[in-house]
Amino acid sequence: MVPNVDDIQLRLLESISRVLPPSVNLADELCSVLKISMDSAYRRIKGIKLFSIREIALLCSMYGISFDSLC
């Protein structure tokens, strides 16, 4: 079964959250890494806006996450 895009986004966010220290806010981290606004970060966290393939590639590279593991 092929996961839908929402599942991949959720898995990516969960994977990033696991490697971040507890003191680091996920939204702040997304703003910093992706150079997006806080509103844009929260839209991605809530699943309102999907990550672009470029953003997924950047996040996977930054946090050592295999894209295959998300699928």
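The values are calculated or read from the model by the stated rules, or taken from the named source; none is laboratory data. Predicted model only: the values in this text are computed from it and were never measured. Heads up, the Cβs are rebuilt from the backbone with ideal geometry, glycines too, and the neighbour counts pull from every protein chain shown. Accessible surface areas use protein heavy atoms only, side chains included; no ligands, DNA or RNA. Shrake-Rupley method; radii C 1.70, N 1.55, O 1.52, S 1.80 Å.
Listing for the model above:
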| item | result |
| --- | --- |
| Boolean, residue 32 is assigned to a loop (DSSP other than H, G, I, E, B), modelled with pLDDT of 95 or more and open to solvent by 50 Å² or more (accessible area, probe 1.4 Å) | no |
| Considering residues of the range 35-49 that are at pLDDT 95 or above and not charged (D, E, K, R) only, the residue surrounded by the most Cβ atoms within 10 Å (Cβ to Cβ) | 41 |
| Residue check, residue 24 β-branched (Val, Ile, Thr) and open to solvent by 70 Å² or more (accessible area, probe 1.4 Å) | no |
